[in-house]
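Chemist: Below is a structure I'd like to ask you about.
Each reported figure results from applying straightforward, stated rules to the coordinates on display, with no laboratory input. Being a predicted model, the structure only gives us computed values, none of them experimental. Note that each Cβ is placed from the backbone with ideal geometry, even for glycine, and that neighbours are counted across all protein chains shown.
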Amino acid sequence: MKKAILYFVIPCFNEEENIPETTKRLKLKLDSLIESKTISSRSKILFVNDGSCDNTWNIIKDLSENDKTVTGISLARNAGHQSALVAGLLTAKKYADVVISMDADLQDDINAVDEMLDKFYDGCDIVYGVRSNRKKDSFFKKCTAQLFYKFLKFMGVDIVYNHADFRLTSKSALDRFGDFKEVNLFLRGIFPLIGAKTDVVYYKREKRFAGKSKYPLRKMINFALDGITSFSIKPIRLVLSLGVFIFVVSLIIMIYCLVVKLLGHTVTGWTFLAISIWLVAGVQMLSLGIIGEYIGKIYKETKARPRYIISEDLTENKNIFKY
Ligand code: UDP
Ligand code: MG
């Protein structure tokens, strides 16, 4: 069988301290995989410079001049981790049969790559790297990360638990991925929607090799909000449910107020005020929910996601998801 061309895609934002070591270790892995005839000798490491303000891009350029297995693209400004990854994946898919994305800081275990490739050759189109534990994380990161996954699940977003963006994706899965044109990107939510054959590989996540995390709390919160608002209209449904609930309560309160009035236990104007407050609030909330439902529809339409993804096509005798 023809050996697949593998591209590593590495987004980098101010990672000058990490890139030389990351390149060294990835090259060792590439060489051994080429030697064992697992992958093609045309395989490469593709760095994506995400608008770094330090020497990151110069280092990448130097490395690529001296070594044909290193290549890169540079984004005009800091577009954010997810957009940098998309830029890398869509560039790599032009040249590669299979792509593995990982962080520049060596937190993802390079040795898990062998198992990922085994699964790829067994017919998987997406292999998720899932961390087996979070022992190396700070208490804060551990708690916020668990909360993030649980909350997303509750909001109806289908993601793989404890999977970040360490992932193998075949060219055919990337072609399907290219059909998702949305600007607000949350890759972990999109890949499960592709419907390709997937599997997971467990790995131990290490500490950052050098430098600080580029995900401060502010970016983490934005990321979580992006995850929810790009995938779920559950918050709109919650407003609608609340509207229905308050409206029903207002009807009960109306009956209660009228009964109290008929029994003569009220001061003048109380019944009118009490009923008005509840009824108006109920009607308003209900109306917001109904308007929200339409906004939800517009939101889904504007994403212009593919309505379906064909995995096999007998008319052309083609298995779309086969390497
Ligand atoms: N990154 C990026 N653009 C950004 C932030 C991060 O390309 O705006 C890259 C970063 O260089 C790293 C990867 O995304 O290779 C993951 O970031 P980081 O390691 O800081 O996140 P953490 O592992 O702490 O969640
Ligand atoms: Mg990291």
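Chemist: Non-local amide H neighbours of Lys44 (under 5 Å, H modeled in plane, Pro and chain starts lacking H): which ones?
Modeler: Leu6, Tyr7, Phe8
Chemist: Report the local net charge at Trp57: Lys and Arg +1, Asp and Glu -1, summed over other residues whose C-beta lies under 11 Å from its C-beta.
Modeler: -4
Chemist: For the range 157-195, which chymotrypsin sites (Phe, Trp or Tyr not before Pro) pass both filters: DSSP loop (anything but H, G, I, E, B) and at most 15 other C-beta atoms within 10 Å? Could you put the intermediate results ahead of the total?
Modeler: Working: sites: Tyr161, Phe166, Phe177, Phe180, Phe186; in loops: Tyr161, Phe180, Phe186.
For chymotrypsin sites (Phe, Trp or Tyr not before Pro) across the range 157-195 that sit outside H, G, I, E and B with at most 15 neighbouring Cβ atoms in 10 Å, the list reads Tyr161.
Chemist: If each of Arg77 and Leu251 carries a label point 7 Å out from its Cα toward its Cβ, how far apart are those two points in nm?
Modeler: Going by the 7 Å Cα→Cβ label model, 5.2 nm.
Chemist: Something else: List every residue whose amide H lies under 5 Å from the amide H of Gly129, counting only residues 5 or more places away in sequence or on a different chain, with H placed 1.01 Å from N in the peptide plane.
Modeler: Phe166, Arg167, Leu168, Val201
Chemist: Along the three principal axes, how long is the range 19-62 when you take its alpha carbons, biggest first, rounded to the nearest angstrom?
Modeler: Extents along the principal axes: 39, 17, 15 Å.
Chemist: Normalised by the number of residues in the chain, what is the relative contact order in percent for Cα pairs under 8 Å and 6+ residues apart?
Modeler: Details: 504 pairs, mean separation 57.4, N = 323.
Reported as a whole number, the value is 18 percent.
Chemist: Between Leu193 and Lys142, how many nm apart are label points set 7 Å from Cα along the C-beta direction?
Modeler: 3.4
Chemist: Measure nothing fancy, just the Cα-based angle from helix 139-154's long axis to the longest principal axis of the chain, in degrees from 0 to 90, nearest 10.
Modeler: Long axis of 139-154 versus the principal axis of the chain: about 60 degrees.
Chemist: What number results when the radius of gyration of the range 230-282, computed over Cα atoms, is divided by 2.2 N^0.38 Å?
Modeler: On the way: Rg = 15.2 Å, N = 53, 2.2 N^0.38 = 9.9 Å.
Scaled against compact globular proteins, the figure is 1.53.
Chemist: What whole number of Å gives the distance from the Cα centroid of the range 29-90 to the Cα centroid of the range 155-178?
Modeler: Using only Cα atoms, the two centres lie 20 Å from each other.
Chemist: Still on this structure: Could you work out the mean projected area of the convex hull around the alpha carbons of the range 175-260, in square nanometres to one decimal?
Modeler: Working: hull surface 45.2 nm².
Result: 11.3 nm².
Chemist: In the range 241-323, which trypsin sites (Lys or Arg not before Pro) are in a loop and have at most 16 other Cβ atoms within 10 Å, using DSSP for the loop call?
Modeler: Working: sites: Lys261, Lys297, Lys300, Lys303, Arg307, Lys318, Lys322; in loops: Arg307, Lys322.
Qualifying residues, ordered by number: Arg307, Lys322.
Chemist: I've got another one for you. Using the count of nearby Cβ atoms within 10 Å as a rough guide to exposure, how do Trp278, Trp270 rank from fewest to most?
Modeler: Details: Trp278 20, Trp270 13.
Taking fewest neighbouring Cβ atoms as first place, the list is Trp270, Trp278.
Chemist: Right, another one. Just rank His163, His81, fewest to most, by other beta-carbon atoms within 10 angstrom.
Modeler: His163, His81
Chemist: If you restrict to DSSP beta bridges whose two residues both lie in the chain, what percentage is antiparallel, to the nearest 5? Write out the running numbers ahead of the final one.
Modeler: Values: 10 of 33 bridges.
That works out to approximately 30 percent antiparallel.
Chemist: Just flag the GluC sites (Glu not before Pro) in the range 229-323 sitting in loop per DSSP whose Cβ has no more than 10 other Cβ atoms within 10 Å. List each step's numbers first, then the result.
Modeler: Working: sites: Glu293, Glu301, Glu312, Glu316; in loops: Glu316.
Filter output for the range 229-323: Glu316.
Chemist: Same structure, new question: Taking N as the number of residues in the chain, what is its alpha-carbon radius of gyration divided by 2.2 N^0.38 Å? Before the final figure, lay out the partial values.
Modeler: Details: Rg = 25.9 Å, N = 323, 2.2 N^0.38 = 19.8 Å.
Ratio of Cα Rg to 2.2 N^0.38 Å: 1.31.
Chemist: State the percent of C-alpha pairs, over all pairs in the range 52-143, separated by a distance greater than 18 angstrom.
Modeler: Values: 2577 of 4186 pairs.
Here the tail beyond 18 Å accounts for 62 percent of pairs.
Chemist: Which residue fluctuates the most in the chain, going by a Gaussian network model with Cα springs under 10 Å, if the choices are Ser311, Ser170, Ser213?
Modeler: Ser213
Chemist: Quick one: Debye curve from the alpha-carbon atoms of the range 151-297 only, equal weights, vacuum; give me log10 I(q)/I(0) at q = 0.17 Å⁻¹ to two decimals.
Modeler: Here log10 of I(q) over I(0) equals -1.05.
Chemist: Continuing with this model, one more query. Starting from 0.36 nm per residue, how many nanometres of slack lie between Lys297 and Ser41 once their C-alpha separation is accounted for? Could you put the intermediate results ahead of the total?
Modeler: Values: separation 256, 0.36 × 256 = 92.16 nm, distance 4.78 nm.
Between Lys297 and Ser41, full extension yields an extra 87.4 nm.
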